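Here the structure is laid out as structure tokens; the discussion comes afterwards.
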Amino acid sequence: YLSVPGTSLLQPRTVATLDPTTGLRGAARPLDGEPGALSLSGDGRYLYVVLGAGDTVTRLSLPSLAPDLTIPLPTTASGAAYHATSVAAAPGDGRIVAVAMQAAGAGSMTVLFDDAVARPSSGAGDAAVRWAPGGDALYGFDGATYPSRLGMKRYPVSSEGLGAPTAFPGLFADVRTP
């Protein structure tokens with residue numbers, strides 16, 4: 001699947017299929033906002049798309065690419081909007097998605113959604129998220145202090161959301177930028 005930006009001359013502001021053997025685009029779905037990050041659900045039923053400035057995540061049903069669900073992201077107590085920086089569908093259940101998000105002046109948080117319902121317990125400080133293969137843990141990556149202290153956290157996952165993380169600070173401390 002491809003996230004095609006509005007600046008593209010071919011099928012702008014769409015999500016399109018891609019044949020990996022031929023490299024050709026297939027069906028495309030026009031969207032109401034600029035598509036960003038994508039995540040395919042582990043069961044192959046859904047594709048999650050970050051839209052616009054990242055304040056909404058849309059779920060598309062596969063293979064039709066029909067919009068199925070919209071997940072509006074929360075706002076801070078002062079009303080600042082959170083914007084998605086990363087989205088990761090759970091490996092086993094296509095209805096569960098993790099969203100890492102940031103808000104100006106409020107930092108970042110990671111929330112698990114069941115369909116569009118947020119689980120109550122969230123994580124903090126993640127720029128990107130990825131699931132453990134079994135779906136029992138979520139990894140959060142801190143990109144805010146790159147490269148000197150880039151680290152990783154492992155959150156246990158429960159029906160309440162994310163548990164207390166195990167931190168691996170400075171895991172990539174020797175990474176250098178050009």
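The values are calculated or read from the model by the stated rules, or taken from the named source; none is laboratory data. Keep in mind that what you see is a predicted model, and the values were worked out from it rather than measured. Note that each Cβ is placed from the backbone with ideal geometry, even for glycine, and that neighbours are counted across all protein chains shown. Just so you know, the surface numbers come from the protein's heavy atoms only, side chains and all, with ligands and any DNA or RNA stripped out. Shrake-Rupley method; radii C 1.70, N 1.55, O 1.52, S 1.80 Å.
Please determine, by comparing only the residues of region 105-121 that are closer than 16 Å to ARG154 by Cβ and crowded, with 19+ Cβ neighbours inside 10 Å, which one is modelled with the lowest pLDDT.
That would be THR110.
Here the strands (runs of 3 or more DSSP E) wholly within region 27-105 that include at least 1 residues being in contact with a His (Cβ under 8 Å, 6 or more places away or on another chain) are 96-103.
Of all residues in region 34-47, at least one satisfies being of a type in the set (A, V, I, L, M, F, W, C), open to solvent by 20 Å² or more (accessible area, probe 1.4 Å), modelled with pLDDT under 95 and under 25 Å from ALA132 (Cα atoms). I want to confirm something. Restricting to region 74-104 and keeping residues that are of a type outside the set (A, V, I, L, M, F, W, C) and open to solvent by less than 40 Å² (accessible area, probe 1.4 Å), which single residue is nearest to GLY42 (Cα to Cα)? Looking at residues that are of a type outside the set (A, V, I, L, M, F, W, C) and open to solvent by less than 40 Å² (accessible area, probe 1.4 Å), I get GLY94.
The number of residues in region 3-33 that are among the hydrophobic types (A, V, I, L, M, F, W, C), open to solvent by less than 60 Å² (accessible area, probe 1.4 Å) and free of Cβ contacts under 8 Å to residues at least 24 places away in the same chain comes to 1.
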